[in-house]
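Okay, structure first, notes after.
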Amino acid sequence: MKEDQVKVFESNNLWGSIFKMVIPALIAILVMLIYNMADMIFVGQTGETAQVAAVSVVGPIFSLIMAFAMLISAGATVIISSDLGKKDNEHARMVASLSIWSGIICGIIAGALIIIFNKPILVFLGATTDIITYARNYMLILAAGAPLLLISNMLSQVLRAEGAVKEGLVGNLMGTVVNIILDPIFILGFGMGVVGAAIATVIGNLVATVYYLLYMKNKAIVINMKLSYAKVNPVFIFSIMALGLPNAVSTLLSGFANSFANQLLSKYGSDAIAANAAAGRVNMIIVMVLMGICMGAQPLMSYNYGAGKLDRLSGVMKRLLILSTSTGLITAAAVIFFKSAVIGMFLKDLAVAAIAEDILTILMISSPFLGFFYLATNFLQATGNALKATIISALQKGLLLIPLLFILEYLFGFMGIRCAYVAADFGAIIISCIFIVIEWMKISDKSKKDNEKREMKTGTNYDRCVERA
C-alpha cells in the first residue's frame, strides 16, 4: 500500500482515521441517495401519481441488482483489506480481479432474466392496471443496463479496500451529476416520464464505470481485472460471496419485503403505494447515513482485525457506536422538522402527501437506532463471521419483517404495514447487540489464549538458553 493509505489504517488518532474513511463514504452514500431519489423527484414533477407508484413498484428490481453488487463487493472489500493488513498483495489482486469479472457475468445474467420474465415479475411486484405500462417500460431499460448498474456500484465499494475512498467518491459524484442533469431533460423536457428516468440512470452508471476503469488502469495498487489473476482460483468467488452474503441478503430481502408491502397496499389503490414510496424514500436518508458510517469504517475494522490489533479494533467500534447513534438522532430530528417540504418534492397531491407524512412519523420511531444493527453486521463481516452476519440480516428483512407485514396489516390495516417495519427494526437491533457481545467475548478469549501460548513459548526458549549457558 502507498504510505498515505497506510497512515489511514495505522494512525494513532482513531477519530481521525474513522472520519477519513467515513466522511467520503458518507458523501458517496448521500450521493447514491440523491441518485436513487432523483428519478422519483423528477417523475413527481409530472403530477402523475401513477408514474411515481411505478418507480416504487420497480424499486425491488434495483434492489436485486444492488444485492448482486453487495454480494460480491462487500466480501471482496473485507478480504482485500485484510490481505493488505497481512501484506499479502498477490492474494488481494486475485480477489479483486475475480470479483470484477464475476460481477460482469452476474450483471448480464440478471438483466437477461428480468427481460425474459418481465410479465410475471411485474405481477409479483404488485403492479396495478393503471401503472403496469409505466412500470414495464422503466424496468426493461434498467434491466438492459444491469451490467453497468452492478459494476459501477460494486467498484465504488471495492476501491475503498485499498484506501481509494476519494476515487470511489469521485466516480459516484460523476454518475450522479450526469443522472441529475439528464433527468429533467429526458423526463420533463422530452416528456419521456419514467422511460427518461431509466435512460438517465443507465447513462449515469456508464460514466461512473468508465471513470473506475481508468482508475484501475492508471492508479490502482491491487484492484485490477486481469484475467490471469481471476483464473488462479475461480472457485474462491464462493468464499467472497459468503462474506458479502449479509449485505446482499439485507438488500435482497428489503426488495422482497417492499414487493409484499406493495401487494398489500394495492388493495388501497395507487395513491397508497405512492404515499408509502415517498415516505420510504425520505426514511432512506437516515438508514443510508447510518449504513454509510458503518460500511465506510469496515475496512478499518478488517485491517485491525487482520493485523491482530484488538485494542484499536475496540476503539474503532466504540467510536462508531457514538457516531452512529448521535448522527441518527440528529438526522431524525431534521427529517421530522422538514418532512412536509421533503415529501412535497415527491408528491403534488396534498391528500396523498399528508398520508406520506403520517407514515414517515411512524418510521422515525426506530430508524435513528439502526446504527447498532449496521455496526454489528459490519463487525461480524470484518471478523470473518459471514454466517452470523447473514442470520441477523435475514431476521430483520425476512423472518421478522415479512410475516409482520401480513399480520399487522390484517390487524391494523394500512398503517399496520409501516408499524411492521418499526417492530422488525427493534427486533433486529436487540438481536444484533446480543451477537456482537458474544462474538467480542470469543475474540478476546482467543487473543488472551494466544498471548499466553506465546509467553509460555518465550519462557521455554529463555530457560533453554539459560541451561545452555
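The values are calculated or read from the model by the stated rules, or taken from the named source; none is laboratory data. Please read all numbers here as calculations on a predicted model, not as lab measurements. Here Cβ is always computed from backbone atoms with ideal geometry, including for glycine, and neighbour counts include all displayed protein chains.
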**OP:** Could you grab me the full set of residues in the stretch 2-44 that are surrounded by fewer than 20 Cβ atoms within 10 Å (Cβ to Cβ), more than 21 Å from Asn283 (Cβ to Cβ) and modelled with pLDDT under 80?
**Re:** Lys2, Glu3, Asp4, Gln5, Val6, Lys7, Val8, Glu10, Ser11, Asn12
**OP:** Select the helices (runs of 4 or more DSSP H) contained entirely in the stretch 159-250, then report the ones holding at least 3 residues which are over 22 Å from Ile79 (Cβ atoms) and in contact (Cβ under 8 Å) with a residue 12 or more places away in the chain.
**Re:** 165-183, 194-218
Original post:
Which one of Ser156, Ser97, Ser152 is over 18 Å from the mean Cα position of the chain (by Cα) and not in a loop (DSSP other than H, G, I, E, B)?
Top reply: Ser97
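Do we find that Ser82 is over 27 Å from Asp39 (Cα atoms), in contact with a Leu (Cβ under 9 Å, 6 or more places away or on another chain) and in a helix (DSSP H, G or I) in this structure? Steps first, please.
Working: over 27 Å from Asp39 (Cα atoms): yes; in contact with a Leu (Cβ under 9 Å, 6 or more places away or on another chain): no; in a helix (DSSP H, G or I): yes.
The answer is no for Ser82.
Residues checked against (1) in contact with an Asp or Glu (Cβ under 8 Å, 6 or more places away or on another chain); (2) modelled with pLDDT of 90 or more; (3) more than 19 Å from Thr251 (Cα to Cα):
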position	(1), (2), (3)
Met70	no, no, no
Gly75	no, no, no
Gly85	no, no, yes
Glu90	no, yes, yes
Met94	no, yes, yes
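So, in the stretch 133-174, how many residues would count as being among the hydroxyl-bearing types (Ser, Thr, Tyr) and in contact with a Leu (Cβ under 9 Å, 6 or more places away or on another chain)? Give the derivation first.
Just the residues of the stretch 133-174 that are among the hydroxyl-bearing types (Ser, Thr, Tyr), to begin with: 133-134, 138, 152, 156.
Imposing the further condition that a residue be in contact with a Leu (Cβ under 9 Å, 6 or more places away or on another chain) reduces the set to 152, 156.
Final tally of qualifying residues: 2.
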Subject >> the stretch 313-331, residues that are in contact (Cβ under 8 Å) with a residue 24 or more places away in the chain, surrounded by fewer than 21 Cβ atoms within 10 Å (Cβ to Cβ) and closer than 30 Å to Phe42 by Cβ >> reply: Thr327, Thr331
**OP:** Output the residue which, of all residues in the stretch 373-387 that are over 16 Å from Gly427 (Cβ atoms) and in a helix (DSSP H, G or I), is farthest from the chain's Cα centre (by Cα).
**Re:** Leu387
**OP:** Scan the stretch 100-131 residue by residue and report those that are surrounded by 16 or more Cβ atoms within 10 Å (Cβ to Cβ), hydroxyl-bearing (Ser, Thr, Tyr) and not in a helix (DSSP H, G or I).
**Re:** Thr128
Original post:
In the stretch 301-312, what count of residues is obtained for those that are in contact with a helix residue (DSSP H, G or I) (Cβ under 6 Å, 6 or more places away or on another chain), surrounded by fewer than 24 Cβ atoms within 10 Å (Cβ to Cβ) and part of a helix (DSSP H, G or I)?
Top reply: 4
Original post:
Only one of Tyr212, Tyr268 is surrounded by fewer than 24 Cβ atoms within 10 Å (Cβ to Cβ) and out of contact with any strand residue (DSSP E or B) (no Cβ under 9 Å at 6 or more places or on another chain); which?
Top reply: Tyr268
Original post:
Which of (1) more than 30 Å from Ser270 (Cα to Cα); (2) surrounded by fewer than 23 Cβ atoms within 10 Å (Cβ to Cβ) is the odd one out, the single condition Phe373 does not satisfy?
Top reply: (2)
Subject >> Residue in the stretch 379-388 that is in contact (Cβ under 8 Å) with a residue 60 or more places away in the chain, at negative phi, in contact with a Ser or Thr (Cβ under 6 Å, 6 or more places away or on another chain) and surrounded by 19 or more Cβ atoms within 10 Å (Cβ to Cβ) present >> reply: yes
Original post:
Of all residues in the stretch 344-392, which are touching a Pro at 6+ places or on another chain (Cβ under 9 Å) and at pLDDT 85 or above?
Top reply: Thr377, Asn378, Leu380
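When you go through Thr128, Thr133 one by one, which is the residue that is more than 18 Å from the chain's Cα centre (by Cα) and touching a residue at least 60 places away in the same chain (Cβ under 8 Å)?
Numbers: Thr133 fails: touching a residue at least 60 places away in the same chain (Cβ under 8 Å).
Of the residues listed, the single one that is more than 18 Å from the chain's Cα centre (by Cα) and touching a residue at least 60 places away in the same chain (Cβ under 8 Å) is Thr128.
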**OP:** Out of Leu182, Leu113, Leu214, Leu173, report the one residue that is within 19 Å of the chain's Cα centre (by Cα) and farther than 22 Å from Ile273 by Cα.
**Re:** Leu173
